[in-house]
Amino acid sequence: MKKAVYIVSCAIVIALLNGYSVLSATSKEYKTKTGKIIVVTENHTQGASLSNISVAFKNNVGSVLQFNDMDPINKVLLADLDNNGFDEIYIITLSAGSGSYGNVIGIASTNDKSLTKINFPELTEPDLKIGTNFEGYEGHDIYEIKDKFLIRSFPVKTPKPTTRVIKYKLIAEEASFQLVMIK
């Protein structure tokens, strides 16, 4: 806990030095099935709609991964999608505003020794074209874990409104992890 407090304290000092007044800093612990504790800390600065998010193993400052200028955290999911015996943590962020566009910050445990960012595909203009999986997409994403998949559902703007569901599978590559769309 002392190291998590140290990380939060450093973030507060940096924010103050950059002319921001800190509005809130929140830390929450998540226990994996192997007993490892992962600490997620979110810092909001006054007047900013974006957050700085840090993730680390408890009492291991060397494991910190930092994500700056992210949308606020909506929820956190813990699961072992690649079935390697070590849980990953999926931080679901949601943009402020009418679209409520969701995003995923995925982090894998490398044998409980270190943390590694999971690559999650960003939507691009070609992804939104007619005939694609995201045709009619306007945000309002909902994420959940089901049957070893990360599930993304969202309403689709069509003449007859409907909900589309996209499944992502976690693939462990040689030196990285990737969430790959399978539908």
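List of remarks:
- Candidate set from region 157-169 (those that are more than 17 Å from the chain's Cα centre (by Cα) and surrounded by fewer than 16 Cβ atoms within 10 Å (Cβ to Cβ)); member that is nearest to Leu123 (Cα to Cα): Val165
- Odd one out for Val55 among (1) surrounded by 18 or more Cβ atoms within 10 Å (Cβ to Cβ); (2) over 17 Å from Lys169 (Cα atoms); (3) free of Cβ contacts under 8 Å to residues at least 60 places away in the same chain: (3)
- Whether a residue is loosely packed, with under 13 Cβ neighbours inside 10 Å and touching a strand residue (DSSP E or B) at 6+ places or on another chain (Cβ under 8 Å) was assessed, and Ser176 passes this test.
- Within this structure, Ala56 fails the test of being at pLDDT below 50 and out of contact with any Cys (no Cβ under 9 Å at 6 or more places or on another chain).
So that you can scan it fast, the table gives a plain yes or no per residue for (1) among the hydroxyl-bearing types (Ser, Thr, Tyr); (2) surrounded by 14 or more Cβ atoms within 10 Å (Cβ to Cβ):
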{"position": "Phe67", "(1), (2)": "no, yes"}
{"position": "Asn74", "(1), (2)": "no, yes"}
{"position": "Ala96", "(1), (2)": "no, no"}
{"position": "Tyr101", "(1), (2)": "yes, yes"}
{"position": "Glu135", "(1), (2)": "no, yes"}
{"position": "Asp141", "(1), (2)": "no, yes"}
{"position": "Glu144", "(1), (2)": "no, yes"}
{"position": "Phe149", "(1), (2)": "no, yes"}
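The values are calculated or read from the model by the stated rules, or taken from the named source; none is laboratory data. What you see is a predicted model, and the numbers here were worked out from it, not measured in a lab. All Cβ positions, even for glycine, are placed from backbone atoms using ideal geometry, and neighbour counts span all protein chains on display.
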